[in-house]
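For reference, the structure is listed below as structure tokens.
The values are calculated or read from the model by the stated rules, or taken from the named source; none is laboratory data. Keep in mind the model is a prediction, meaning the values are calculated, not measured. As a convention, Cβ positions derive from the backbone with ideal geometry for all residues, glycine included, and neighbour counts pool all protein chains shown. Just so you know, the surface numbers come from the protein's heavy atoms only, side chains and all, with ligands and any DNA or RNA stripped out. Shrake-Rupley method; radii C 1.70, N 1.55, O 1.52, S 1.80 Å.
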Amino acid sequence: MTGPSPARAVLALVAATLALGACSQSGQHRPGQGAASPAAAGHDASVSASPSATTTAPPAPRRLRVAPAGFRLPMAFGREAVISTGCSAFVAGGFVGGDSSIADAYRIDLRHGDVSRLPHLPVAVHDTAGGLAGRPVVVGGGNSSEQSVVQGWDGKAWKVIGHLPQARSDLVAANVAGRLVVAGGYNGTRPAEPGILSSADGSTWKVIGTLPVPVRYPTSAVARGAVWLFGGESSGAMQSAIQRIDPATGRARVVGRLPHPLGHAVAVAFGTRILLAGGRTDADTITDAMWWFDTDTGAVTKAGHLPHPLSDSAVAQCGDTSFVLGGESSSVTDRVLRITYR
């Protein structure tokens, strides 16, 4: 046979060179095989050595914002019942000054600020509370005297559907674990006891516990599956106790103290943090201060100020936005505030 042509010799040389390069590459250490990987060496494994790699910026810190909502209530009142159902809120009863109770009721589209008038309550009340117990319900309250009445919405009208075990005003109500939990209040002579009631339908009520610190005019919020009760009033003096209620057992205990006594405030839960806003530091002083309460640590820290002093309001919820409706400042107000924390 004759020898290879010059062209074939060149091709053979190139192939041999490429094969040698491949063998050299296959002999290098790979992550996890002899040499430490970037993660094992203490580096961020998500950052590539490539010049085109980028890092993810940390999320922007959340910011608390309080501003006028862009709509007002049909009239000035406070101490009303508010029941949130999605982004719609039932508002019923209330106080218009001069110790006068009203039976007025409305439904508010919180997204657009549209207000529809509903039929009146059978019993006019203020210093009342509202929640869901199979339907929207208005629980207790007062007029010329404390009331035990529970008034429910049937889709067309409000009707008396039951009674609390005793007359009670100045109370709070919270929906948790499929039930409506009522706590605190006033029976006409002193803070109502036993302090904690529960119902699934608004008609039948069960005593589930007693508050360590009996109070009227506390504020409450639900977080981490518990009802948290803040401050309140007893014997004319504002209180500083923070009380936690387990809705499953009814057990309540004092878990902390506010920086100063406070009653008649509102509370809004944002995850595991609860915002306290406004209220009274004594019978004659309304505050604009806001505070954060951390349910994980029990810490209470300053959160800024409302646009104006405000007490005895009620809160409606629409997604991650809360609305503070009416209340008292120098007098009762029809103003609505929007609170976001994003």
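List of remarks:
- Checking every residue in the stretch 163-171 against the condition of being at pLDDT 95 or above, farther than 30 Å from G319 by Cβ, assigned to a loop (DSSP other than H, G, I, E, B) and charged (D, E, K, R) gives at least one match.
- Taken across the stretch 316-323, residues that are open to solvent by 10 Å² or more (accessible area, probe 1.4 Å), closer than 22 Å to G98 by Cα, polar (S, T, N, Q) and in contact (Cβ under 8 Å) with a residue 60 or more places away in the chain do not occur at all.
- Residue count for the stretch 236-252, restricted to those that are assigned to a strand (DSSP E or B) and either β-branched (V, I, T) or without any contact (Cβ under 8 Å) to a residue 24 or more places away in the chain (or both): 3
- Matching residues, the stretch 70-83, being buried (at least 17 other Cβ atoms within 10 Å of the Cβ) and either part of a strand (DSSP E or B) or within 22 Å of the chain's Cα centre (by Cα) (or both): F71, L73, G78, R79, E80, A81, V82, I83
- Boolean, T272 is touching a residue at least 12 places away in the same chain (Cβ under 8 Å), at negative phi and surrounded by fewer than 16 Cβ atoms within 10 Å (Cβ to Cβ): yes
- Only one entry in D99, D109 is open to solvent by 40 Å² or more (accessible area, probe 1.4 Å), acidic (D, E) and touching a strand residue (DSSP E or B) at 6+ places or on another chain (Cβ under 8 Å), namely D109.
- The set of residues from the stretch 68-101 being on the phi > 0 side of the Ramachandran plot and in contact (Cβ under 8 Å) with a residue 40 or more places away in the chain comprises G70, R79, G86, G93, G94, G97.
- Search result, residues across the stretch 112-126 that are among the aliphatic types (A, V, I, L, M) and either within 13 Å of L73 (Cβ to Cβ) or surrounded by fewer than 21 Cβ atoms within 10 Å (Cβ to Cβ) (or both): V115, L118, V123, A124
- The residues of the stretch 194-225 that are small (G, A, S) and either open to solvent by 10 Å² or more (accessible area, probe 1.4 Å) or free of Cβ contacts under 8 Å to residues at least 60 places away in the same chain (or both), listed by number, are G195, S198, A200, S203, G209, S220, A221, G225.
- Just one of the listed residues (R273, R342, R335, R280) is of a type outside the set (D, E) and modelled with pLDDT under 95, and it is R342.
- Residue check for R65: open to solvent by 10 Å² or more (accessible area, probe 1.4 Å), farther than 27 Å from G152 by Cβ and touching a residue at least 24 places away in the same chain (Cβ under 8 Å): yes
- In the stretch 330-342, residue nearest to P74 (Cα to Cα) [restricted to those that are among the polar types (S, T, N, Q) and open to solvent by 30 Å² or more (accessible area, probe 1.4 Å)]: S331
- Within the stretch 289-312, considering residues that are of a type in the set (S, T, Y) and surrounded by 18 or more Cβ atoms within 10 Å (Cβ to Cβ), the one farthest from the chain's Cα centre (by Cα): S311
- Of all residues in the stretch 226-235, at least one satisfies being in contact with an Asp or Glu (Cβ under 8 Å, 6 or more places away or on another chain), of a type in the set (D, E), touching a residue at least 40 places away in the same chain (Cβ under 8 Å) and outside any loop (DSSP other than H, G, I, E, B).
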